[in-house]
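Working notes, beginning with the structure itself.
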Amino acid sequence: FLSGLGLIPGRAASLAPDSPPPPPPASSLAAPPPLPVGSSLLLPRRPQRRASAHPTPHRLRPGYPRPSPPRLPRVWQAMEKGKSVVAELAASFSGVQVTPRRKATSTPPAASFYSPMKKARPRKLVSLCIGVLGQHLEDIINDISEFTAFFPPHIKLAIMSIARRRRLLNDDVLVSLVDSSWKILDISGSEVTDVGLATVARTCSNLWAVDISRCEKITPAAVSEIICHCPSLEILRCGGCSRSEFTARGCVNLLKPKLNTLEEDSWEELEAVDFGSGAQSLRWLVWPKIDDNSKEILALECPRVIVNPKPSLLDLGGSKTPGEALASVPLDHSVVEDIDPKTWAVSAAPRRAAAAPPHPSAPPEIPIAERFRLAYVERDARLAPKRARRERQHRRRAERDYLMNDIDAKSIALASKYLSKG
């Protein structure tokens with residue numbers, strides 16, 4: 001067979017270029033002999049592949065390895081898996097009936113315009129300390145000027161507000177706490193007089209709002225001091241009691257702006273002269289029970305002054321009405337907003353009951369000074385024996401020390417001892 005193909009040298013076949021190759025011999029086409037039992041033919045085996053559901057393309061020949069089916073990306077596989085899980089959950093919850101929670105029909109009470117509703121937060125440590133100090137204010141009110149001298153201005157103002165609410169505010173307390181940086185002053189319902197208010201007016205020239213309502217001891221003279229020394233005053237509160245109503249009616253003429261008559265040689269000399277008087281910057285007047293006559297005078301002479309303003313976003317002038325100008329809002333509300341209201345709700349120390357008059361047949365009561373003198377005399381008489389015994393011991397100890405330390409004393413003592421024996 002190999003020689004017929006011309007692969008063995010020396011026996012090459014002469015074949016024509018166009019003639020077909022000769023057929024192979026019959027011996028080469030015969031079946032190979034059978035293998036003996038137990039022998040194995042070591043031939044490479046084609047690896048078995050899984051049966052694919054995809055049909056074999058017509059262009060692939062039999063015997064070629066089939067390509068593996070295309071795999072989806074992992075993202076798509078996860079999406080397909082998630083869809084199946086969602087479908088299972090939806091099928092499991094198909095028979096469950098869920099009732100939505102009903103909203104509460106009761107609405108919380110509306111908050112006032114000056115204290116809006118907000119989430120409660122813990123109070124500051126400074127506010128807690130001021131609250132404790134305010135609860136025991138009656139115990140330290142007489143010496144308040146000694147420990148408040150180094151307090152910040154806002155702490156002094158808070159203490160004054162607590163003292164006012166506890167009916168402890170008077171001239172002494174006010175003058176002890178006054179600070180030149182204050183811009184509001186609320187002494188309503190207190191025992192402050194014209195002297196204390198005039199002192200504050202001279203010290204606090206930047207006052208912006210003042211409340212003198214329900215003050216029985218304030219007269220128009222003190223209001224005149226405020227108008228004169230506080231040019232930035234915009235809010236004034238008055239009235240509330242008979243005496244304060246009388247004071248407010250007497251201050252109507254003081255509130256009207258006036259021009260003073262001045263005579264100078266030139267206009268340049270008038271630049272440094274204040275030729276105006278009255279409450280020129282006053283804008284809001286809180287006087288709940290104002291009479292018609294005073295209201296007409298203010299409307300005619302002071303058109304910029306708004307009497308008893310109402311809570312609104314914008315007033316006619318285009319500016320917002322401040323909370324300090326509203327009668328329903330305490331002027332110092334912002335000062336004690338973070339302080340516990342129980343501070344000024346505490347009751348003062350109970351007063352001692354008045355002593356009953358002594359019985360005519362009873363012995364006269366000994367004065368307290370005489371009691372102290374008698375107690376001292378009794379103690380001195382009781383301690384006299386003990387004091388004498390202590391003096392004797394001290395004298396003997398001094399003599400013994402003298403004999404032990406002085407040579408002459410030792411010699412004299414020894415000589416006297418020998419002489420007494422002889």
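The values are calculated or read from the model by the stated rules, or taken from the named source; none is laboratory data. Since the structure is predicted, the reported quantities are computational estimates derived from the model, not experimental observations. Reconstructed Cβ throughout: ideal geometry from the backbone, glycine too, with neighbour counts over all protein chains shown.
Structure notes:
- Residue pairs whose Cβ atoms lie under 8 Å apart, sitting 6 or more positions apart in sequence or on different chains, and linking a residue in segment 382-403 that is closer than 26 Å to Ser416 by Cβ to a partner that is in a helix (DSSP H, G or I), are Tyr402/Ala409; Leu403/Ala409; Leu403/Lys410; Leu403/Ala413.
- All positions within segment 193-217 that are surrounded by fewer than 17 Cβ atoms within 10 Å (Cβ to Cβ), touching a helix residue (DSSP H, G or I) at 6+ places or on another chain (Cβ under 9 Å) and part of a loop (DSSP other than H, G, I, E, B): Ser205, Glu216
Rundown of residues vs (1) over 22 Å from Ser244 (Cβ atoms); (2) at pLDDT below 90; (3) outside any loop (DSSP other than H, G, I, E, B), yes/no style:
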| residue | (1), (2), (3) |
| --- | --- |
| Leu285 | no, no, yes |
| Leu314 | yes, yes, no |
| Lys320 | yes, yes, no |
| Glu324 | no, yes, yes |
| His333 | no, no, no |
| Thr343 | yes, yes, yes |
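- Enumeration of residues in segment 153-196 that are under 25 Å from Pro322 (Cα atoms) and touching a Lys or Arg at 6+ places or on another chain (Cβ under 9 Å): Val178, Asp179, Trp182, Asp186, Ile187, Ser188, Gly189, Ser190
- The one condition from (1) surrounded by fewer than 17 Cβ atoms within 10 Å (Cβ to Cβ); (2) more than 21 Å from Leu282 (Cβ to Cβ); (3) within 30 Å of the chain's Cα centre (by Cα); (4) basic (Lys, Arg) that Arg243 does not meet is (3).
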